[in-house]
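Worksheet: the structure to be examined is printed underneath.
A short reminder: the numbers here are calculations on the coordinates, not readings from a lab. Keep in mind that this is a model prediction, so the values were computed, not measured. Quick reminder, even Gly has a Cβ in these numbers, built from the backbone with ideal geometry, and neighbours come from all protein chains shown.
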Number of protein chains: 2
Amino acid sequence: MGASYYQFCPVAKAMELLDERWTLLIVRELMSGSERFNEVRRGVPRMSPTLLSKRLSQLVRAGIVTRGADGDRYVLTPAGEELRPVVEALALWGIRWIGELGDHDLDPKLLLWDMRRRIDHDAVPDGRTVVLFGFPDVPVRERHWWLVLAPGDADVCDMDPGFEVSVTVTGDLRQMVRIWRGDLRWEDALRSGEVTVRGPESLRRAVPGWFVLPPFAAAPRPA
Amino acid sequence: MGASYYQFCPVAKAMELLDERWTLLIVRELMSGSERFNEVRRGVPRMSPTLLSKRLSQLVRAGIVTRGADGDRYVLTPAGEELRPVVEALALWGIRWIGELGDHDLDPKLLLWDMRRRIDHDAVPDGRTVVLFGFPDVPVRERHWWLVLAPGDADVCDMDPGFEVSVTVTGDLRQMVRIWRGDLRWEDALRSGEVTVRGPESLRRAVPGWFVLPPFAAAPRPA
DNA sequence: CTGTATCCTCAAGGATACTG
DNA sequence: CAGTATCCTTGAGGATACAG
């Protein structure tokens with residue numbers, strides 16, 4: 001647990017639990033649907049497993065998280081679920097007031113992991129669809145990513161899974177992140193050539209519709 | 001500044017600024033109307049002035065706080081003002097899910113400082129009204145507090161200011177804090193005798209109406 | 001896959017005194 | 001009133017390897 005503030009104020013009592021590094025990001029991951037240790041971990045890749053384990057235990061002790069019936073999952077309790085307005089308020093504030101991202105904030109692994117769980121499967125063609133992402137501004141090792149879409153399923157690979165590629169999306173990671181955060185519109189990125197999509201005409205036009213931007217992306221920005 | 005999370009997620013970017021110890025409590029103080037260094041300090045008495053100074057500088061650098069025109073005040077910027085929903089969401093969550101307070105969370109200084117700024121001056125009689133608080137469960141040094149009310153003004157003293165006392169409120173600090181947080185109703189505390197008010201009948205009945213409980217006090221609690 | 005165990009460093013921040 | 005200066009401790013958390 002974090003150190004006490006020795007205050008009866010509910011903000012202080014809440015922050016005693018929540019102001020430790022990583023804690024709210026773990027809660028965010030659980031709210032996004034991650035349940036297993038390594039699922040959560042994919043959302044906080046810079047966190048050591050030791051620390052993640054410790055934080056999860058703290059959250060369980062604090063009554064924010066509980067172990068699933070099979071003892072293997074981490075699930076938010078009602079108290080944890082009620083942190084959603086906190087996380088949403090933080091996301092809204094963050095998207096409005098922190099627009100500049102450092103190069104180190106751009107992680108293709110995190111982008112794909114996040115896109116993976118926000119696929120509009122109804123918009124994707126039946127059968128298997130493979131989207132190859134290429135980020136020219138990223139070191140070769142992490143430049144290419146395959147997103148394998150099947151009805152109700154989506155997988156991310158950082159190595160060629162061997163399937164035929166349906167469409168290829170190419171553009172700097174920074175621009176793709178801007179699109180994903182709602183700082184740049186697909187159509188503007190495509191028009192300017194900052195991002196290009198190759199593949200059959202019908203698929204090309206459909207690609208942007210396959211990805212549901214996170215809720216905060218639509219938030220109005222300060223003038 | 002806090003360490004980076006190396007994520008583009010706006011929650012992560014927000015928490016880089018806000019997850020450091022004390023930071024959101026300072027923001028809460030500024031939202032409550034404190035503007036001067038020592039006003040803020042009264043709201044975070046366990047914080048060293050050095051650290052408070054450092055945090056305020058960080059908040060200024062982050063664009064959340066700015067110095068007032070006279071260069072002597074700390075004022076929230078629009079970005080800082082927009083943290084209000086975050087603080088409110090935290091307060092609501094805290095009041096609902098963290099009901100147990102340790103003995104060290106009960107600070108009469110903080111309670112009076114908070115009450116002082118939430119006086120309903122329209123409900124208080126004209127002229128000077130002096131409320132003496134006595135907390136039998138608190139060490140003698142901090143047991144007695146005088147709240148001196150005048151039209152549009154309120155002062156807290158931990159020593160007898162020498163004015164005639166209008167009403168005396170006596171009750172354990174823990175119960176007074178429960179009242180203030182909305183965990184216990186004035187009328188229930190008075191009926192049970194956990195808190196007693198002495199003074200002229202007309203004033204006695206009026207006392208609870210002089211204090212406007214903080215907004216979160218009215219929040220429904222989980223069943 | 002789901003974590004533990006270990007080691008190590010650094011800096012956050014608590015305490016206290018002091019200054020313009 | 002509005003902060004600085006200084007000292008000091010400890011534990012947070014990063015890194016890496018390993019285990020059931």
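Order A:110-122, A:156-168 from most to least packed using the mean count of other Cβ atoms within 10 Å. The partial results should precede the final answer.
Working: A:110-122: 17.2, A:156-168: 13.8.
The peptides rank, most packed first, as A:110-122, A:156-168.
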Quiz item: If you count, for every residue in A:21-33, the Cβ atoms of partner chains within 10 Å of its Cβ, what is the mean?
Solution: 3
Quiz prompt | Centre separation in Å (Cα based) which lies between segment A:176-223 and segment B:1-58 | solution = 35 Å
Exercise. Give the Rg (one decimal place) followed by the Dmax (whole number) of segment A:1-79, computed from C-alpha coordinates and expressed in Å.
Key: 12.7, 38
Practice problem: Would you kindly compute the Cα radius of gyration of segment A:103-214 and its largest Cα-Cα separation (Dmax), both in Å? | Solution: 12.9, 37
Quiz item: Shortest first and in nm to one decimal, what separations exist between A:S48 and its copies in the other chains, measuring from label points 7 Å along the Cα-to-beta-carbon line?
Solution: 2.6
Quiz item: Got the relative contact order for segment A:103-214 handy, in percent, Cα pairs under 8 Å and 6 or more residues apart?
Solution: 29 percent
Practice problem: Find the centroid of the Cα atoms in segment B:63-97 and in segment B:124-164, then give the distance between the two in whole Å. | Solution: 29 Å
Quiz item: In nm, to one decimal, how far is the A:D120 label point from the B:S192 one, both placed 7 Å along Cα→Cβ?
Solution: 5.5 nm
Quiz item: Does anything in segment A:189-222 have its amide N under 19 Å from the 7 Å Cα→Cβ label point of A:D160, and if so which residues?
Solution: A:198-200
Quiz item: Roughly what % of Cα-Cα distances in the protein assembly as shown sit above 37 Å, to the whole percent?
Solution: 38 percent
Practice problem: Quick one: work out the % antiparallel among DSSP beta bridges in the protein assembly as shown, nearest 5. | Solution: 85 percent
Quiz item: How far apart are the B:G162 label points across copies, placing each 7 Å from Cα toward Cβ, in nm, shortest first?
Solution: 9.3
Quiz prompt | In segment A:177-210, the GluC sites (Glu not before Pro) that fall in loop regions by DSSP, at most 15 other Cβ within 10 Å | solution = none
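Tell me the mean residue ellipticity at 222 nm calculated for chain A from its helices only (DSSP H runs of n ≥ 4, each -39500 (n - 2.57), averaged over every residue, nearest 500).
Working: 10 runs with 87 residues, N = 223.
When only DSSP H runs of four or more count, the value is -11000 deg cm²/dmol.
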Quiz item: Two-decimal Rg/Rh of segment A:171-223 from alpha-carbon positions, Kirkwood Rh?
Solution: 0.99
Exercise. Note the distances from B:D137 to each other copy's matching label point, with points 7 Å along the Cα-to-beta-carbon direction, in nm, sorted shortest first.
Key: 5.9
Quiz item: What is the fewest-to-most order of B:S4, A:S202 by other Cβ atoms lying within 10 Å of their Cβ?
Solution: A:S202, B:S4
Self-check item: Diffusion constant of chain B at 20 °C, which comes from Stokes-Einstein with the Kirkwood Cα-pair radius and 1.002 mPa s, µm²/s
Solution: 111 µm²/s
Quiz item: When Cβ neighbours within 10 Å are restricted to other protein chains, what is their mean count per residue of peptide A:73-83?
Solution: 2
Quiz item: Which value results for Rg/Rh of segment A:90-130 when Rg is the Cα radius of gyration and Rh the Kirkwood radius based on the inverse mean 1/r?
Solution: 1.13
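Would you mind putting A:143-153, A:88-98, B:213-223 in packing order, based on average other-beta-carbon counts within 10 Å, highest first? Numbers along the way, then the final one.
Values: A:143-153: 16.1, A:88-98: 22.0, B:213-223: 12.5.
Taking the mean over residues of other Cβ atoms within 10 Å, the ranking is A:88-98, A:143-153, B:213-223.
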Quiz item: What distance in nm separates the simple spin-label points at B:T66 and A:A218, each placed 7 Å from Cα in the Cβ direction?
Solution: 3.2 nm
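I want the local charge near A:G99. Using Cβ-Cβ distances under 10 Å, sum +1 for each Lys or Arg and -1 for each Asp or Glu among the other residues. The partial results should precede the final answer.
Values: positive: A:R96, A:R178, A:R181, A:R221, B:K13; negative: A:E100, A:D183.
Summing Lys and Arg as +1 and Asp and Glu as -1 gives +3.
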